[in-house]
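To start, the structure itself, in structure tokens.
No value in this document is a laboratory result; all are computed from the given coordinates. Please read all numbers here as calculations on a predicted model, not as lab measurements. Don't worry about glycine lacking a Cβ; one is built from the backbone with ideal geometry, like all the others, and counts go over all protein chains shown.
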Amino acid sequence: MRTTLLTAMVLFSGIVHAFDLQPYTATYQFNLNQQLTGTATRTLSKQENNHYRYQFSASAAIANANEVSDFIFENQQVQSLNYQNTKQILFKTKIDKADFDWQQSRLVAQRKGESTNHPLTDKSTLDPLNLEVQIRQDLLSATTPHLKAEYVLGDAKGVHPLKFTIDGTEKIKTPYGELDTLKVSRVHQDKERTTQFWLAKSLDYLPVKVVQVDDAAVYTIELQSFQK
């Protein structure tokens, strides 16, 4: 089972409007294989000069995860600055980092204690957390909800493309309540791996449910509370 399960929350009407980034806290319930349960929280806070910090934390009986993304948001576009992902299982801690050096046009990645450099030529390159912010903005800015053909992700493994499909609308029940959602799937190369997101229209396409199947493990996360 890949350790990315704890951080699967990476991601995701008719009225066109700009996505105004307002600070908020969203709390979720998560479940792994109907055995491991816990809580997860996402917090968006505004810093100075159009700088923002997005933080994700999840905790369970034997493990916890914490992700932090620092970025700039101008003209409805995210510009990544720094990203860090810390996971702790029992007494073992793993830290991955991605620093976006735009002056040198390079991504400095740290993974498994090793540092690597990768060319950084696309200004729209996103990290695993602020990818959600950009996708929500793209959906809100369109007369009919649609996504870019491809997004560019920068993380501890380097720079690589991501693709998503919109699978229609669906009304779902969550601990937060019943919500009208847009269903989105990530396109994986591995056919044994699937990730689906349900994005609530009434919450500016905030992810309110995520289901990920990875190496036969099923991870589910659902919105419990939301506060601005």
*From the cross-link list LYS87/LYS157; LYS112/LYS209; LYS201/LYS228, which pairs have alpha carbons spaced over 23 Å apart?*
LYS112/LYS209
*Rounded to a whole number, what is D in µm²/s for the range 29-124 from Stokes-Einstein with the Kirkwood radius over alpha-carbon pairs (20 °C, 1.002 mPa s)?*
141 µm²/s
_Sort 87-95, 117-125, 28-36 by packing, meaning the average of other beta carbons within 10 Å per residue, with the highest value first._
28-36, 117-125, 87-95
*Listed residues ASN64, THR25, THR41: farthest to the positive end of the dipole of the chain (Cβ charges)*: ASN64
_As an exercise, use a Förster radius of 22 Å and the Cβ-Cβ distance of ALA216 and LYS163 to find the FRET efficiency, rounded to the nearest 0.05._
0.40
*Pop a pseudo-label 7 angstrom from the Cα along the beta-carbon direction at both TYR24 and ALA149 and give the gap in nm to one decimal.*
3.1 nm
*Convert each backbone phi in the range 201-210 into a coupling constant with the Karplus relation 6.51 cos²θ - 1.76 cosθ + 1.60 (shift: θ = phi - 60°), then list the ³J(HN,Hα) values in order as whole Hz, x for Gly and Pro.*
5, 5, 10, 6, 6, 5, x, 10, 8, 9
*Quick one: grab Rg to one decimal and Dmax as a whole number for the range 3-227, Cα atoms only, in Å.*
16.8, 49
*Residue-averaged [θ]222 nm for the chain, counting only DSSP H segments that reach four residues, each worth -39500 (n - 2.57)*: -1500 deg cm²/dmol
*Could you calculate the contour length gain from GLU114 to ARG193, that is, 0.36 nm times the residue separation minus the distance between their Cα atoms, to one decimal place in nm?*
25.7 nm
*Quick one: Karplus J couplings for the range 32-38, per residue in order, coefficients 6.51, -1.76, 1.60, θ = phi - 60°, nearest Hz, x for Gly and Pro?*
10, 6, 6, 10, 8, 10, x
